[in-house]
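Here is the structure we will look at, set down as structure tokens.
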Amino acid sequence: MRREIPLLITAIVGIFFVLQYFIPHPPFNRLNGWFSDWFSIIGACAIWLGALNLIRISADKIYRKRSDWGFSVVIILSFLLIVVIGFKEGRDFRNPGSGFDWLYNFIYTPLSATMFALLAFFVASASYRAFRARNLEASLLLVAAFLVMLGRVPVGDAIGVSLGLPETNISKVAVWIMNTINTAGQRAILIGIALGVVSTSLRIILGIERSYLGSE
Amino acid sequence: MEIFGTWLAAFFTLGIISFLYRDNAWYKLCESIFVGISAGYWFVTLFWDNIHGLFWERITERHDYWLLIGASLGLMMLLRLIPPIGWISRWPLSFVVGATAGLYIINYFASNVMVQVENTLMPLFSAKFGDPLFSASPYSIVGNIVVAAGTFTGLVYFFFSKEHKGAFGGMAKIGIWTIMITFGASFGYTVMSRMSLLIGRMDFIFGDWLGLIR
């Protein structure tokens with residue numbers, strides 16, 4: 001019951017989605033619409049599950065007075081603030097000028113943009129430690145990264161000019177690397193991933209791969 | 001409210017940047033607010049878009065009762081919060097896994113194998129299929145050769161069923177060179193995208209907030 005039914009559901013739904021690609025006629029096309037809607041509803045509930053779990057973990061931390069429990073209070077309060085405003089404003093919660101929109105523009109956007117911008121420093125410091133031209137492969141990686149970075153800023157072409165190279169030379173090299181060698185490498189990786197995904201999907205549908213069900 | 005919002009945004013921006021000095025209470029406060037606000041943002045958005053818009057409105061207005069099955073599966077997902085009956089959440093999970101697997105078998109193969117191979121096999125001396133022979137520029141010819149050879153040798157490198165020795169090993173070697181350049185280029189591209197985000201935040205601090213740059 002705990003393992004057999006999930007395996008059966010996976011197999012039936014998986015086979016159905018393969019079949020509906022080849023048979024775009026009733027009842028498959030109709031079922032496809034229903035399944036897609038169910039998928040969206042389950043996806044929303046999964047996100048809800050994650051959010052509610054975050055609140056549960058934060059509340060537990062406050063209850064047990066674990067270290068930095070005060071920040072868990074901040075998590076719950078900020079969660080409640082946006083949820084209450086979002087629910088109060090109804091279906092038009094995203095309209096410009098609404099409270100939800102204000103929270104999005106002045107809290108969510110600056111925080112998320114700065115959080116990702118911070119990665120620039122960590123990537124730079126990590127690359128300083130990791131990028132050593134120890135062998136040919138590492139040197140190729142280093143030179144390609146250097147040229148792409150240099151080719152995307154005006155100073156790159158200025159350096160090229162100061163070295164006597166024609167204007168926009170380094171940016172052209174960067175574009176060429178991105179359009180040819182990078183494309184080739186990305187394609188090889190994409191094809192490899194796709195073949196792996198196809199074989200893993202087949203294993204899942206046939207019930208050979210069961211790790212997603214957990215250990216029990 | 002606009003001015004207060006700008007000051008608040010500056011407070012959060014500087015708070016996150018303060019982590020560059022070291023982990024501190026200001027950063028942790030901003031981080032906690034970010035976590036809470038992000039979770040709440042998706043909680044509300046998915047409620048109005050999916051639960052209310054997709055499920056409730058269609059049930060009440062169009063009597064689309066088939067959606068009740070999806071809602072039941074969604075509720076089962078939430079049962080994970082109740083440990084004694086948490087195992088029921090495997091049912092909707094298996095639905096999602098099965099649907100994703102079924103979709104990926106076809107879609108991944110069509111878009112990431114067939115289309116990629118088709119785009120790799122380009123005419124050597126013409127810009128595109130149907131064009132006269134030798135109409136392509138030397139830049140395009142070299143580009144097409146590099147893309148085709150790089151993709152093929154990259155795939156050879158990923159083929160581990162045969163030992164990388166001799167001519168096969170040589171091709172695998174060229175493949176790893178291609179992949180290393182790809183990683184380098186991707187890394188450089190990622191760094192620059194993060195830099196542009198940072199420039200955006202600095203533009204906000206020195207322009208919108210302090211008014212030093214116009």
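Using a Förster distance of 25 angstrom, determine the FRET efficiency expected from the C-beta separation of A:ARG94 and B:PHE4, and round it to 0.05.
Using R0 = 25 Å, I get an efficiency of 0.75.
Using a 10 Å cut-off on Cβ to Cβ distances, tally the other chain neighbours for every residue of B:80-91 and report the average as a whole number. Walk me through the intermediate numbers first.
Numbers: counts 5, 5, 0, 0, 0, 0, 2, 7, 3, 5, 11, 7.
Partner Cβ neighbours, averaged per residue: 4.
Give me the Å³ per residue figure for the convex hull around the C-alpha atoms of chain B.
Normalising the Cα hull of chain B by residue number yields 328 Å³.
Which order do peptides A:189-199, A:32-42, A:127-137, B:51-61 fall in by mean Cβ count within 10 Å, highest first?
Going by the mean number of other Cβ atoms within 10 Å, highest first, we get A:32-42, A:189-199, B:51-61, A:127-137.
Any idea how far apart B:TYR139 and A:ILE193 come out in nm if each label point goes 7 Å out from Cα toward Cβ?
About 2.9 nm separates the two model spin labels.
Stokes-Einstein at 4 °C, 1.567 mPa s, Kirkwood radius from Cα pairs: D for chain A in µm² s⁻¹?
Rounded to a whole number, D works out at 54 µm²/s.
Which value, to two decimals, describes the C-alpha radius of gyration of region B:1-64 once divided by 2.2 N^0.38 Å?
Cα-based Rg divided by the globular estimate yields 1.73.
Which of the peptides B:81-93, A:43-55, B:153-165 is most tightly packed, and how do the rest follow, going by the mean number of other Cβ atoms within 10 Å of each residue?
A:43-55, B:81-93, B:153-165
What FRET efficiency would be calculated for the residue pair A:ARG2, B:TYR21, taking the C-beta separation as r and a Förster radius of 51 Å, to the nearest 0.05?
The pair A:ARG2/B:TYR21 has a calculated efficiency of 0.50.
Could you pull out every one of the aspartates and glutamates with an alpha carbon less than 14 Å from that of B:LYS28, ignoring same-chain neighbours closer than 8 positions?
Within the straight-line cut-off, B:LYS28 pairs with A:ASP68.
Work out, step by step, the length gained on full extension between B:LYS28 and B:LYS173: first 0.36 nm times the residue separation, then minus their alpha carbon distance; give nm to one decimal.
The span from B:LYS28 to B:LYS173 would gain 47.5 nm if fully extended.
Counting only C-alpha contacts under 8 Å and six or more residues apart, can you give the relative contact order of chain A as a whole percent?
Once normalised by length, the contact order is 16 percent.
Checking the a/c ratio against 1.5 first, then a/b against b/c, what shape does the Cα gyration tensor give for region A:116-157?
Details: a/c = 2.98, a/b = 1.14, b/c = 2.62.
In terms of gyration-tensor shape, oblate.
Using label points projected 7 Å from each Cα along Cα→Cβ, tell me how many nm separate A:PHE28 and B:THR190, to one decimal.
Going from the A:PHE28 label point to the B:THR190 one covers 3.9 nm.
Take every Cα-Cα pair in the protein assembly as shown and report what % of them are more than 31 Å apart. Let's see the in-between values first.
Details: 55569 of 92235 pairs.
Above the 31 Å cut-off, the protein assembly as shown has 60 percent of its Cα pairs.
Region B:122-214: percent of C-alpha pairs farther apart than 15 Å?
Taking all Cα-Cα pairs of region B:122-214, the fraction more than 15 Å apart is 73 percent.
If each DSSP helix of 4+ residues adds -39,500 (n - 2.57) and the sum is divided by the residues in chain A, what number results at 222 nm, nearest 500 deg cm²/dmol?
-25000 deg cm²/dmol
Work out how much length A:ALA138 to A:ILE57 would gain on full extension: take 0.36 nm times their residue separation and subtract the Cα-Cα distance, in nm to one decimal.
This chain segment gains 24.9 nm when fully extended.
Please compute one quarter of the surface area of the Cα convex hull for region A:1-67 and express it in square nanometres.
Quarter of the Cα hull surface area: 6.7 nm².
Here, each number is a calculation from the coordinates, and none is a lab measurement. What you see is a predicted model, and the numbers here were worked out from it, not measured in a lab. Here the Cβ is made from the backbone with ideal geometry for all residues, glycine too, and neighbour counts use every protein chain on show.
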